[in-house]
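> This is the structure, below, for whatever I ask next.
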Amino acid sequence: MKQVIFAIVLLITTSCAKKIYPTQPSEGEIKKIEYRSSSIDLPLNVSISEIRNTLNNKIPRGSFYHLKNGLGGFYRSDVQLFREGNIVFNAQGSKLRFNIPIRVRVYAAKRKKVLKFPKVYITKTGHANATAIIYLDVDVKLNTNYKFTTNTELSYNLQKATIEISLLGDIGEWIGDPKVKISVKSLVKEELNKAIAEKIPDLNGLIEKELNKINIKKEIVQVWKKAGKPMALDENIWLESNPVKLKFNNISTKEDILTIKVGAESKLKLNYTNSPITYNPELPDLSIDEIKEGCFSVYLPAIINFEQAQIALNKQLSGNTYYSKKKKHKVKIDSIRLYGGKNGDASTIVAGISFKAKVKAIFGKRFKGNLWFRMFPEYDADNRSVYLKALEITPETKDLLIDKLAPWLVDTFYMEELLESACIDLAQEIKKQKKLISEEINEIKFDRVIIKGELKDIEFHGFNITPEELSLVISANGNLETSPIKLE
């Protein structure tokens, strides 16, 4: 009788499944990988001819300054400045330099008393001619409010020239009377400043006023408004553009054209939708910053929704039974759950398996419950596919399996098919997207702007994992060139 009772108790205890329900990993995400901005250079061409013409009128050809008997230390003197040739300009960095060619003519006379009584004086004269260039340097700044401010400075390059005056004339040469030698530069340096100030009292204000006749803001507003409109690439495939920033830092020149570079930064994204987003942000203040050369990074849609992936995996794997290599253990998968979770500083994919398991024996032990795993995605750049490379059972699940005397469940033989099923091939889709982008950016026209682009490469930046989805951050990168916009 005792043996029968023992057998019944043993049968009951071995047939009851041990429950394994470890703590479920929490949902979460870490800081996302930021999308790079694309940069489009907008070369704004401004004619400087009006400023140059204004200077030509203010400082006309021929004599424009005459100082009579104004040089200290001379009995008589005469200084004349003549403008010769055209005023030309060039640029160095953010500075404009107007070159004003002039000729300097100086006459000076010295008087010397040779007898006290009666008073006898000898007056001797000398003269010299020299060429010079007056440099009008204008430091141009485009402010955050799209208005110009300037700072002007004058400098000179004066040819070496000397006035020689022999007080005793030809006789002085026989008796060794030295000549008086005077540098023209020392005589007329201040007169050059006076000459420009006399002709253009507010030089800086004049240049600034002329530059601000150009309405930079008006042109940029037109481009900014259009930059937020989506472009149709194919049926229900759109290139969305979110303008984020405007930059300025570069001025260059060629002939009579001043080119001001403004860089418009935008975040570009390919989207499969019948309702693309139109962005209409307010025009931001201009950022005085370094402009990247014209480049673009279009982010490609590569999103894996965990709910959809979970449905697909359950259709394929739920109800399946898996055996260990020696058939000693079997595991039946009831259902699978997927979501994004946080593991320290890393985002992972959490997989939960509802299962039933059994050890093959006369009185084999039974188990049921949930098993929790963390999976780590990887991107194969050669094949352009995503797969799950690493699989880790959570520490809480592992500890509970050991405590329940089921360490064999740590051997994840029942997960092999799941890992194989989780590979997603993106090659054909990326190839299609690349072709669409290449065709679209070959030439883009809006208003007076023509943008020509060339796609260079496809780059994988990483994963963004949220509780709901896995996003691949992949961009199509290339260069952009923009035709100049002529401002009147």
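> Report, by chain and number, residues whose modeled amide H sits under 5 Å from the one on G369, excluding near sequence neighbours (fewer than 5 apart, same chain).
Sorted by chain and number, the residues that satisfy this are I20, F355.
> Which Cα, out of T482, I458, I441, lies furthest along the positive dipole direction of the stretch 420-488 (beta carbon charges, K/R +1, D/E -1)?
My answer, from the dipole projection, is T482.
> Taking 8 Å as the Cα distance limit and 6 or more residues as the minimum spacing, I'd like the relative contact order of the stretch 335-488 as a percentage.
That works out to 18 percent.
> Sticking with this one: Given the -39500 (n - 2.57) contribution per DSSP H run of 4+ residues, what per-residue ellipticity at 222 nm results for the chain, rounded to the nearest 500 deg cm²/dmol?
-7000 deg cm²/dmol
> Provide the gained length on full extension for the span E164 to N90, in nm with one decimal, where the gain is 0.36 nm per separating residue minus the Cα-Cα distance.
Working it through step by step, the gained length comes to 23.0 nm.
> In the chain, which longest range has no chymotrypsin sites (Phe, Trp or Tyr not before Pro) that are both DSSP loop (not H, G, I, E or B) and surrounded by at most 14 other Cβ atoms within 10 Å?
My reading of the result: 76-362 is the longest stretch.
> Report the one residue of A161, N274, L470 whose Cα lies farthest in the direction of the positive end of the charge dipole of the chain (charges on C-beta: Lys and Arg +1, Asp and Glu -1; origin at the Cα centre).
Positive-most Cα among the choices belongs to A161.
> Beyond 18 Å, how much of the Cα-Cα pair distribution for the stretch 46-111 remains, as a whole percent?
The answer is 51 percent, as a whole percent.
> Something else about it: Can you give me the long-range amide H partners of S47? Hydrogens built in the peptide plane at 1.01 Å from N, cutoff under 5 Å, separation of 5 or more residues or another chain.
Under 5 Å from the amide H of S47: L258, L487.
> For the stretch 414-485, which GluC sites (Glu not before Pro) pass both filters: DSSP loop (anything but H, G, I, E, B) and at most 14 other C-beta atoms within 10 Å?
For GluC sites (Glu not before Pro) across the stretch 414-485 that sit outside H, G, I, E and B with at most 14 neighbouring Cβ atoms in 10 Å, the list reads E443, E468.
> While we're looking at this one, here's another question. Between the stretch 21-93 and the stretch 187-246, how many Å separate their Cα centres?
11
> Something else now. List every residue whose amide H lies under 5 Å from the amide H of N343, counting only residues 5 or more places away in sequence or on a different chain, with H placed 1.01 Å from N in the peptide plane.
Residues meeting the amide H criterion: T348.
> Next question, about the same structure. Mind pulling up the Rg/Rh value for the chain? Radius of gyration and Kirkwood radius, both on Cα.
Value, to two decimals: 1.38.
> Exceeding 30 Å between C-alpha atoms, which entries from my cross-link table qualify? They are K95/K434; K315/K389; K209/K261; K254/K431; K147/K226.
K95/K434; K254/K431
> Same structure, new question: Based only on Cα atoms, what mean projected area does the convex hull of the stretch 223-339 have, in nm²?
13.8
Here, each number is a calculation from the coordinates, and none is a lab measurement. Quick caveat, the model's predicted, so the values are computed rather than measured. Here Cβ is always computed from backbone atoms with ideal geometry, including for glycine, and neighbour counts include all displayed protein chains.
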